[in-house]
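Comments concern the structure below.
The values are calculated or read from the model by the stated rules, or taken from the named source; none is laboratory data. In this text, all values refer to a predicted model and were calculated from it rather than measured experimentally. Note: ideal-geometry Cβ built from the backbone for every residue, glycine included; neighbour counts use all protein chains shown. Quick note on the areas: whole protein, heavy atoms, side chains included, nothing else; ligands and nucleic acids left out. Shrake-Rupley method; radii C 1.70, N 1.55, O 1.52, S 1.80 Å.
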Amino acid sequence: MLNLTQRELIIKLAKQGKKQQDIAGIIGCSQPSVNLWLQREKQGFSLKTLPRSGRPTLLTKKTLAKLKKEFIQEARTANKNFCSIDTKQFSEIIEKKTKKKYYTRHVEKKTHKVDFSRITPRPQHIKNDPKKVKEFRTEFKKNLKQNTWVMKF
């Protein structure tokens with residue numbers, strides 16, 4: 001989304017006779033965005049961002065910053081070895097704080113916004129036999145010189 005100064009710059013550059021593609025390159029946005037704001041200005045609309053309709057979210061940046069501290073504290077108490085907690089626990093904390101239930105996908109997006117990364121457990125394969133792995137490694141080391149190619153500098 002372009003800020004107000006960028007929008008004003010689009011109009012100014014267009015009045016100087018620059019092409020839309022050149023303006024997009026200067027500002028660092030797409031040509032359709034430049035076209036949109038030129039059309040809006042031509043029709044007499046304001047370049048300012050107008051308030052949007054609909055219910056405002058309870059999970060604002062300030063609320064998420066406060067919740068982040070609770071998330072970290074909950075994650076540390078939940079696991080002693082590493083700092084992790086599942087989406088259901090995040091959802092319960094948010095519901096407790098905002099008194100509103102959010103869908104799982106929405107909770108995942110919000111937790112990603114507060115710098116939590118999602119990890120998935122990696123199960124071992126059924127055929128993963130430690131003896132065979134060890135045997136393969138020893139065989140690989142024996143044949144390492146024959147099968148490996150190295151670029152000389």
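Residues of segment 60-86 that are under 19 Å from the mean Cα position of the chain (by Cα) and at pLDDT 80 or above: 60, 61, 62, 63, 64, 65, 67, 68.
Just checking, does segment 10-23 include any residue being in a helix (DSSP H, G or I), within 30 Å of residue 96 (Cβ to Cβ) and touching a residue at least 12 places away in the same chain (Cβ under 8 Å)? Among the residues of segment 10-23, not one is in a helix (DSSP H, G or I), within 30 Å of residue 96 (Cβ to Cβ) and touching a residue at least 12 places away in the same chain (Cβ under 8 Å), which makes the answer no. Taking (1) at pLDDT below 90; (2) open to solvent by less than 100 Å² (accessible area, probe 1.4 Å) in turn, residue 14 satisfies each apart from (1).
So in segment 31-65, with the set limited to residues that are open to solvent by 80 Å² or more (accessible area, probe 1.4 Å) and in contact (Cβ under 8 Å) with a residue 24 or more places away in the chain, which one is farthest from residue 3 (Cα to Cα)? Give the steps one after another, and end with the answer.
We begin by selecting, within segment 31-65, every residue open to solvent by 80 Å² or more (accessible area, probe 1.4 Å); these are 32, 36, 42-43, 45, 48-53, 55-56, 58, 61-62.
Restricting the remaining residues to those that are in contact (Cβ under 8 Å) with a residue 24 or more places away in the chain gives 48-49, 58.
On the way: 48: 8, 49: 8, 58: 24 Å.
Among them, the one singled out is 58.
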